[in-house]
Amino acid sequence: MVDRIADIWGAPTPHARGTVWPVRVDQHLHEGVAEADVEQWVQSACLLCSNGCGVDIAVKDGRMVGVRGRAGDVVNHGRLGPKGLYGSTPWASAPDRLTRPLVRDGDRLVETDWETAMGRVVQESKRLLDKAGPLTHAFYTSGQLFLEEYFALATIGKAGLGTPHMDGNTRLCTATAAAAMKESFGADGQPGSYTDIEHCDAIFLYGHNMAETQTVLWSRVLDRTRGDDPPRVVCVDPRRTPVAREAERTGGVHLAPKVGTNLALVNCLAREVFANGWVDEEWVAAHTLGREELWETVSSYDPERVAGICGVDADDLRRAARIFGESGAVLSTVLQGFYQSHQATASSVAVNNLHLLRGMIGRPGCGILQMNGQPTAQNNRECGADGDLPGFRNWDNPKHIDELARLWNVDPLTIPHWAPPTHAMEIFDHAEAGSIEWLWVSATNPAVSMPESGRIRRILAQESLFVVVQDLFLTETAQLADVVLPAAGWGEKTGTFTNVNRTVHLSEDAVRPPGEARSDLEIFLMYARAMGFTDKDGAPLAAWETPEEVFDAWREASRGRPVDYSGLTYAMLRGGSGIPWPVNESAPHGTDRLYADAQFPSDTEVCETYGHDLLTGAEVTEEEHRAMAPGGRAFLKGAEYSAPHEEPSDEYPLLYTTGRTAYQFHTRTKTGRARSLQKAAPAAWVELSVDDARQLGVAEGDVVRVESPRGSIEVPARVGEVMPGAVFAPFHYGSWEPEQGATAGAGPGQANELTMAVWDPVSKQPYFKTAACRVTKVRDGAGPSPAPTTTASRPAADAGTAGRRSVPQTAGGDATSSTLVDDPPRFPLDPAQDGDH
Ligand SMILES: Nc1nc2c(c(=O)[nH]1)N[C@H]1C(S)=C(S)[C@@H](COP(=O)(O)OP(=O)(O)OC[C@H]3O[C@@H](n4cnc5c(=O)[nH]c(N)nc54)[C@H](O)[C@@H]3O)O[C@H]1N2
Ligand SMILES: Nc1nc2c(c(=O)[nH]1)N[C@H]1C(S)=C(S)[C@@H](COP(=O)(O)OP(=O)(O)OC[C@H]3O[C@@H](n4cnc5c(=O)[nH]c(N)nc54)[C@H](O)[C@@H]3O)O[C@H]1N2
Ligand code: SF4
Ligand SMILES: [Mo]
């Protein structure tokens, strides 16, 4: 039995390069439940991060009582991480689940029935449509619903109402991943595969603390770095994360750039690749556009200059570039340290450039993983309940709009495409200004998770804005709603979702939702019916009854597009493993890796966007795009580095950055209700470097005030391993507390009180990772800070007097089991098994 709080990644199963990742089945059952008590195991995949580990849900007496990894699933080969094990099920039977709809009565929310609650939503909707049309309406949704729910919502918003104001929290999450792939390859769609881990010579992680945020994927990496013929790891992160430590251990490099300087760093790597003759000139000439322009842009980023900008060692930059330039196969991953930091899209595209320059794409070991974060962010991007159109279609291409109009049988003019879609930050701007008067928030908690959260709460509370919130719990956001709709969650409804490397899973309903809670799909369809949306022949729009019917409609919508699900059915997803798209006539069993033929979806007729200037966000026109005659080639696109918006000053001398810890998921609505996880990271903290702590007279656990021009928090300090000059805050802690629930105000450690509403010019993703702040000591601490010791937050080894309090080791997870499987199942698409790929 294993304590997976103390042992985040579980028992190692090291193996040699080119061999199949061993199978280890991890399981956790609630206290007092024995394996023999489990009445049923129901197939699903984990919904607590983008990794999408295959999982079976244990059911007893109509309740979810635990989980077990699926041995034969391509994604996880049976493994689960701490969040998946401990956090997947306890929330479902929490006593404070929403079980009935609520409506506002003055300053209170009171219980009511569905008819009354939905009646108010529809009445307000109709009134505003009559008064001022669909531009009064906005939807702000999630990266945590199911594919079917997004496709239904996209249909309602884009073909029913016809509003361009529809986005997801995917804007805060992986809008930049999508943007970077669109700019480089012509369309969204992850080039790489997890099987690249088994074949690579080096792994580069850019602003990605995979060890804590996709823990099972990190187990897979560790099983290579600890096995025969291991890859070297290169880590780009201002903190000494577990990834950084593995980089040091494998003879790779840890580059700790000043927050906000990523683009200069990657430009330098590209410059070194050019200058040392590591470019695969033949491949580049055949399959890319823009080589000369890129060289002109990056040629001045020599290691000495960039060392000055980023605060890293010039020789470390050279070493990292050499590892990239001399390896036969490199796997790169990119995540929030890039997507949420300054010049997000340009920096992420710069990583694509490196791979294209070396022709390292579409071959085993040469993956690019422009990572996702949320478990279903991918599906929102695919189905278009965000700023995208279904099927990676281009809103600027009239033929694509016509295709959609045919699919939905509506007038093309109904589908909003006269201007770029409204992104999340703009939706809140319009709501603040009063032109958006009706906002439906589903499966996201913006009062905690959006930048400058004080302002977001004020907007949500505005009299002139009618707010609907659809959630599992009465969150900080739901407290501010006019109508609260109780939703069924994971395990309580059926649907599909797609992980980082395009693997689609079916998640079946295991138990009934509590009380009157209904699935998001049912709720959206209930609204569509009540509104009476019709197609152009007067037949009801979105006239679906079951998730499978919606899935079948989606298969048609995706047919022939890069994101092709046409050959995939629920039946194929039952019983075995998840299956990576495209699945169609030419790839009936799915596709492990894209672009093996170096044919990119970049043609003017095919592409999802004509592209942008990465520095300014200016759009490339159709004529300009056609003139380039991409012909299936990929784009090499560069941009100059510029300094971040808010640089340290005398008043605010430190850099402020935010992120995650292994044990909590976002605003903690699920993990906070899981005893083992909540105990491991119970309350907010900030991380200071030893140097800064000494200068400020702060010791481990002392309470500090952290202030930016927008707000402040007061929390205990961890004297840790963040780079000097930077302060790191986890963003998980709103006002919710285990016993008290949430209030409509900010929590004392709410990281987003300090962040700013500034976003990337191309992806429009807000910059949660760059701001300036000052830190002052408020009082001596009563003990060490609540930060975990097993993660990037661990106390600095050399803290000296700043670390004078001894910190107990993080441990104490409920027992889990872990079983090695000697006779592994077949993974047909895995090149290490020599399958029919
Ligand atoms: N445990 C856990 N796992 C999760 C989640 C969770 O909440 N908890 N959420 C999921 C979701 S939705 C997402 S999006 C992913 C996010 O996964 P990650 O991106 O791995 O997580 P973060 O902690 O947000 O940021 C990663 C790193 O960026 C670094 N960083 C900060 N500023 C900069 C910078 O300017 N440059 C560089 N190079 N690095 C910088 C931080 O030090 C941090 O270690 O995690 C997913 N998995
Ligand atoms: N400072 C800072 N801020 C950040 C980030 C950061 O790194 N730093 N990261 C950003 C990123 S990447 C992300 S993804 C966001 C996440 O931010 P949020 O999306 O606000 O975070 P969650 O807590 O996951 O909120 C999801 C909500 O959906 C509810 N829910 C879960 N399942 C269902 C369901 O099936 N149906 C319905 N209706 N509701 C459901 C949950 O109870 C919860 O209230 O935060 C962003 N904010
Ligand atoms: S790695 Fe992600 S998907 Fe897998 S068990 Fe952990 S939280 Fe769940
Ligand atoms: Mo995210």
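Listed values, structure above:
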{"quantity": "Over the range 654-805, relative contact order from alpha-carbon pairs under 8 Å, at least 6 apart, %", "calculated": "35"}
{"quantity": "Formal net charge of residues neighbouring residue 744 (Cβ-Cβ distance under 15 Å; K, R +1; D, E -1)", "calculated": "-2"}
{"quantity": "Charge tally in the Cβ shell below 10 Å around residue 530, where Lys, Arg are +1 and Asp, Glu are -1, residue 530 excluded", "calculated": "+1"}
{"quantity": "Considering only the chain, percent of DSSP beta bridges that pair antiparallel, nearest 5", "calculated": "55"}
{"quantity": "Peptides ranked, highest mean first, by Cβ atoms within 10 Å: ranges 473-479, 527-533, 651-657", "calculated": "473-479, 651-657, 527-533"}
{"quantity": "Estimated dipole of the chain in Debye, rounded to 20 [Cβ of Lys and Arg +1, of Asp and Glu -1, Cα centre]", "calculated": "1540"}
{"quantity": "Options 590, 649, 684, ranked by Cα towards positive dipole end of the chain, top entry (Cβ charges)", "calculated": "684"}
{"quantity": "Shape call, the range 654-805: gyration tensor on alpha carbons, a/c limit 1.5", "calculated": "oblate"}
{"quantity": "Of 658, 49, 366, farthest towards positive along the dipole that unit charges on Lys, Arg, Asp, Glu beta carbons give the chain", "calculated": "658"}
{"quantity": "C-alpha center-to-center spacing [the range 118-164, the range 621-686] in angstrom", "calculated": "28"}
{"quantity": "Assigned charges on the beta-carbon of Lys, Arg, Asp, Glu; the range 654-805 dipole about Cα centre (debye)", "calculated": "360"}
{"quantity": "Filter on 131/536; 670/764; 493/769; 637/670 - keep pairs with C-alpha separation over 32 Å", "calculated": "493/769; 637/670"}
{"quantity": "Sum of side-chain charges, residue 705 neighbourhood, beta-carbon under 9 Å (Lys, Arg +1; Asp, Glu -1)", "calculated": "0"}
{"quantity": "Stretch gain in nm, segment residue 545-residue 111, where the contour uses 0.36 nm per residue and the Cα spacing is subtracted", "calculated": "153.5 nm"}
{"quantity": "Paramagnetic reach from residue 127 in the range 82-115 [backbone N under 14 Å; point 7 Å along Cα→Cβ]", "calculated": "104-106"}
{"quantity": "Potential lengthening between residue 780 and residue 93 on full extension [0.36 nm per residue; Cα-Cα distance subtracted]", "calculated": "243.4 nm"}
{"quantity": "Label-point separation, residue 61 to residue 429 (7 Å along Cα→Cβ), nm", "calculated": "5.4"}
{"quantity": "Estimated inter-spin distance, residue 409 and residue 804, nm [label 7 Å along Cα→Cβ]", "calculated": "7.7"}
{"quantity": "Full-extension gain in nm, residue 603 to residue 464, via 0.36 nm per residue minus C-alpha separation", "calculated": "45.6 nm"}
{"quantity": "Percentage relative contact order, the chain, counting C-alpha pairs under 8 Å, at least six apart", "calculated": "20"}
{"quantity": "Taking all pairs of distinct alpha-carbon atoms in the range 732-837, Kirkwood radius in angstrom", "calculated": "20.0"}
{"quantity": "The chain, helix-only ellipticity at 222 nm - DSSP H runs n ≥ 4, -39,500 (n - 2.57), divided by all residues, nearest 500", "calculated": "-7500 deg cm²/dmol"}
{"quantity": "Area projected by the alpha carbon convex hull of the chain, averaged over all directions, nm²", "calculated": "31.4"}
{"quantity": "Mean Cβ count within 10 Å, highest first, over the residues of peptides 601-609, 625-633", "calculated": "601-609, 625-633"}
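Coordinate-derived values only; no laboratory data. For clarity, every value in this text was computed on a predicted model and none was experimentally measured. With ideal geometry, Cβ positions are generated from the backbone for all residues, glycine too; neighbour counts draw on all protein chains shown.
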